[in-house]
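Nothing in this text is a laboratory measurement; each read-out follows from the coordinates by a stated rule. Small disclaimer: the values here were computed from a predicted structure and weren't measured. Cβ coordinates were reconstructed from backbone atoms using ideal geometry, including for glycine residues, and neighbour counts include every protein chain displayed.
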Amino acid sequence: MEGTHNTSDSIDAYISKFPPEVQEILNTLRKVIQESAPEAKEKISYQMPTFDLHGNLVHFAAYKNHIGFYPAPSGVDAFKHELSPYKWAKGSIQFPLDKPLPYELVCRIVKFRADENMKQVKNTSTRTRGKRS
C-alpha cells in the first residue's frame with residue numbers, strides 16, 4: 001500500500017488506490033467523520049484525506065498494517081484513556097487493520113474536535129469585534 005505517498009487530488013481518488021478491504025474501512029471512516037461533523041469540508045492536505053471546519057479538523061491515511069487517524073494533539077489527549085489499546089502519539093492514533101476500528105470513539109473524537117474548532121472561531125470573532133476603534 002502507498003500510505004501517504006498517495007498523491008491523489010480527492011478523497012475518492014485516494015481511497016480507490018487501496019485494496020477493496022481497505023477501501024471499505026476508509027469509506028466507513030469517511031462516512032463516520034461526515035456524519036459526526038456534517039459542516040466540515042473534504043480536501044486533501046499533507047497528501048491525506050482531511051476534513052476542514054474553520055481549520056483542519058482531522059486527517060486519516062492508510063498504511064500497510066494500520067489506519068492513521070490524526071485529530072490534533074487535543075483530540076488525542078482528551079481521549080487518551082480510551083485510546084490505551086492503540087498505539088498513539090501527540091497528534092496521531094494507529095488503528096490496526098486486523099482489528100475492527102472503534103467507529104463510535106472516532107465519532108466522539110470528531111465531535112470534540114468540531115466543538116473545539118467552533119469555539120475557537122467564536123472566541124476569535126468575539127475578540128475581533130471587541131477591538132474596534
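Based on alpha-carbon atoms, the Kirkwood radius and the radius of gyration of segment 25-72 give Rg/Rh equal to 0.94. Taking the longest Cα principal axis of the chain as reference, the axis of helix 20-36 is set at about 20 degrees.
A simple count of charges around residue 53, restricted to other residues whose Cβ falls under 9 Å of its Cβ and scoring Lys, Arg +1 and Asp, Glu -1, yields 0.
Based on the Kirkwood approach, the hydrodynamic radius assigned to segment 3-126 is 14.6 Å, with every pair of different Cα atoms included. Measuring against 21 Å, Cα to Cα, the residue pairs 41/111; 43/122; 80/111 contain 43/122 as the ones spanning a longer distance.
By other beta-carbon atoms within 10 Å, ranking 108, 113 with the fewest at the front produces 108, 113. In degrees, nearest 10, range 0 to 90: what is the angle between the Cα axis of helix 103-130 and the longest Cα principal axis of the chain? Approximately 20 degrees, to the nearest 10.
The relative contact order of the chain, computed from alpha carbon pairs under 8 Å that lie at least 6 residues apart in sequence, is 22 percent.
Counting 0.36 nm for each residue step from residue 107 to residue 42 and taking away their Cα separation leaves a gain of 21.8 nm.
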